[in-house]
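Contents: one structure, followed by commentary.
The values are calculated or read from the model by the stated rules, or taken from the named source; none is laboratory data. Just so it is clear, the structure is predicted and the values come from calculations on it, not from any experiment. Glycine gets a Cβ as well: all are built from the backbone with ideal geometry, and neighbour counts include every protein chain shown.
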Amino acid sequence: MNRIIPLQSAPAGCDSVTPLNILKERGQREVFCGLTGIIWLHRKIQDAFFLVVGSRTCAHLVQSAAGVMIFAEPRFATAIIDDHDLAGLADANEELDRVVNQLLTRRPDIKMLFLVGSCPSEVIKLDLSRAAERLSKTYTPRVRILNYSGSGIETTFTQGEDACLAALAKEIPQVNEPTTQAAVDLLIVGCLADVVEDQFSRMFTELGLSSYAFFPPRRSGNLPKVGPNTHYLLAQPFLTDTARVLEELGAIRIPAPFPLGVEGTEAWLAAAANTFAVQPERFEKVVAPKRERAKMALERQRKILDGRSIFFFPDSQLEIPLARFLHRELGMQLTEVGMPYIHRQHLAEEIALLPKDVCLSEGQDVEKQLDRCRSANPDMVVCGLGLANPLEAEGMTTKWSIELVFTPIQGFEQAADLAELFARPLVRKTKLAA
Ligand code: SF4
């Protein structure tokens, strides 16, 4: 399980909470499990296959989260743990070997196979790391076989990406010699849509950086080399375990806000530019036109969102960067900003940009939080799918947090699209009420 940064104990409510005194709750939670991450991970790593070792419920979750996409050659599937597998681990291991053999014989295009653990595989104590080791002996070098857990026990859905990338990061070749040119200087870490990655790539090049790479790579064989000269820049705020593995390889984190909105994107790029001593004039020349265009593009949504209130239930781990963007660039009022867990170091630059009296909460006690939400009666609620329908039925306007993870939202060119995701439901509601 991911490291939880110890925070102060919970006060009675959210009224007197400041960023240094975060409301901490450990009650019933309403979140998706880490299997959900397969939906964007399989699009990003284009020659990888994700084999969930789980139940029919797991299969159903992955299928429904993938929507109605029909693949000629799908890149995820579920090896179903049936009743007879529960009878003995030997059977389950044999069955898994048989399924993997069938899959890899039929699909020579698969270069990396992730065995993805689930609640059922954990309950029967099926050791997928040993299974991955055993199967690797048979299929290496044709296919790399790794494993991670997407189990819903004690996790939230974006931790699936973290667990997957941490497993992949362990495969990164380490370069120990500080003077060697083999290791990459800058590693951008976290799944970004290809279109966003291409935009950032052009900007890093224009800034004069030549030795950079994105992680995960689009092809599993293109793993970058990492060493003591490597600095890494997180593109997502939920990569605790991945960051730890990279630091074990010698990489150094560049502290920065996350690239959401105009301000976040500029600060994120500036953090990289400062690390590599890019001249301020050059930075301004590259960034200014994009920044000014993006600021202008936000004007329309600002007119809709300014002064409207918003409440975040903890779900995606994007809540604090989103709240910072919506408050500072669009004038929204923050009633409560909930996160499944708060990583103080990775989020320090974000928290510093929030208003001093903001109500932050960590973890969840869903009934108490629903009461606080009803009492705040915000104009918009950001939450998981499970809470959205009941809250809509009570007359609230909701935004599904999972949609914000699927959609390209990072960078200057996406700032207005991100704002639009919040403005549209409010406009629709106004029209319906008219
Ligand atoms: Fe449900 Fe657990 Fe399977 Fe996720 S991993 S779908 S929480 S059984």
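Here are a few things to note about the model shown:
- Any chance T138 is within 16 Å of the ligand (Cβ to nearest atom), within 24 Å of G54 (Cβ to Cβ) and among the hydroxyl-bearing types (S, T, Y): no
- Among strands (runs of 3 or more DSSP E) entirely within region 249-367, having at least 2 residues that are closer than 21 Å to I188 by Cβ and not assigned by TED's automatic domain parsing to the domain that holds G411 singles out no element at all.
- One residue stands out in region 39-56 among those that are in contact (Cβ under 8 Å) with a residue 40 or more places away in the chain and assigned to a helix (DSSP H, G or I): the one that is farthest from the ligand (Cβ to nearest atom), namely K44.
- Checking L115, L126 one by one, the residue that is within 16 Å of the ligand (Cβ to nearest atom) and at pLDDT below 95 is L126 and no other.
- When S220 is tested against (1) under 26 Å from P314 (Cβ atoms); (2) assigned to a loop (DSSP other than H, G, I, E, B), exactly one condition is not met: (1).
- Looking only at region 302-329, residues that are polar (S, T, N, Q) and surrounded by fewer than 24 Cβ atoms within 10 Å (Cβ to Cβ) come to 1 in all.
- Yes/no for M380 being more than 20 Å from the chain's Cα centre (by Cα), of a type outside the set (F, W, Y) and surrounded by 22 or more Cβ atoms within 10 Å (Cβ to Cβ): yes
- In region 19-38 there is at least one residue that is on the phi < 0 side of the Ramachandran plot, of a type in the set (D, E), modelled with pLDDT of 70 or more and away from the ligand (no atom under 16 Å from the Cβ).
Residue by residue, here is whether (1) surrounded by fewer than 15 Cβ atoms within 10 Å (Cβ to Cβ); (2) away from the ligand (no atom under 16 Å from the Cβ); (3) modelled with pLDDT under 95 holds:
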{"site": "V62", "(1), (2), (3)": "no, no, yes"}
{"site": "L89", "(1), (2), (3)": "yes, yes, yes"}
{"site": "K111", "(1), (2), (3)": "no, yes, no"}
{"site": "A132", "(1), (2), (3)": "no, yes, no"}
{"site": "R144", "(1), (2), (3)": "no, yes, no"}
{"site": "T158", "(1), (2), (3)": "no, no, yes"}
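- Complete set of residues in region 319-359 that are modelled with pLDDT of 95 or more and among the charged types (D, E, K, R): E319, R324, R328, E329, E336, E349, E350
- Among (1) at pLDDT below 95; (2) closer than 20 Å to D306 by Cα; (3) in contact with a Cys (Cβ under 9 Å, 6 or more places away or on another chain), the one test that M396 misses: (1)
- Total residues in region 394-407, condition surrounded by fewer than 17 Cβ atoms within 10 Å (Cβ to Cβ), closer than 13 Å to L318 by Cα and of a type outside the set (A, V, I, L, M, F, W, C): 2
- Residues of region 244-277 that turn out to be among the β-branched types (V, I, T) and under 30 Å from D417 (Cα atoms), as a count: 4
- Meets criteria (farther than 30 Å from C33 by Cβ, without any contact (Cβ under 8 Å) to a residue 60 or more places away in the chain, small (G, A, S) and crowded, with 17+ Cβ neighbours inside 10 Å) for G227: yes
- Selection from region 116-141 of residues that are assigned to a loop (DSSP other than H, G, I, E, B) and without any contact (Cβ under 8 Å) to a residue 24 or more places away in the chain: D127, T140, P141
- Total residues in region 389-407 satisfying the condition of being over 20 Å from the mean Cα position of the chain (by Cα) and of a type in the set (G, A, S): the figure is 2.
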